[in-house]
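What follows is a single structure, written as structure tokens, with notes after it.
Read-outs throughout are calculated quantities, based only on the coordinates presented, and are distinct from any laboratory measurement. All of these numbers come straight from a predicted model, not from anything done at the bench. Cβ placement follows ideal geometry from the backbone for every residue including glycine, while neighbour counts extend to all protein chains displayed.
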Amino acid sequence: MSLLFLVLTVTLSLVMVALGGAAITTGRVPVRSIRRHAHPQLWGAGALILGIAVGTVRIAPPSIFMVLFLCGLGLLGFAYGINRPSGK
């Protein structure tokens, strides 16, 4: 069972890091359903930090994991809270 959780956390971490990196570099949120509602760079930074937090959950102390996780959630919250940049 522990191996299953290891595989799941590594997979989720890699997916979040890839989505975050893609959003930061391209300026578009790769997930179609939330593309209109989120600021791309902030969403990408939040997803990237969440991916790092999920990837280090087994090796980092809980205090470091919680700081990374809450910073990622905060960035995702800001990504939805500010206005999307106009294409001028």
Evaluate segment 72-88: report whether one residue or more is β-branched (Val, Ile, Thr) and touching a residue at least 40 places away in the same chain (Cβ under 8 Å).
yes
Just name the residue that is surrounded by the fewest Cβ atoms within 10 Å (Cβ to Cβ) out of those in segment 45-55 that are without any contact (Cβ under 8 Å) to a residue 40 or more places away in the chain and of a type outside the set (A, V, I, L, M, F, W, C).
51
When you scan segment 1-44, how many residues do you find that are surrounded by 11 or more Cβ atoms within 10 Å (Cβ to Cβ), part of a loop (DSSP other than H, G, I, E, B) and either without any contact (Cβ under 8 Å) to a residue 24 or more places away in the chain or among the aliphatic types (A, V, I, L, M) (or both)?
7
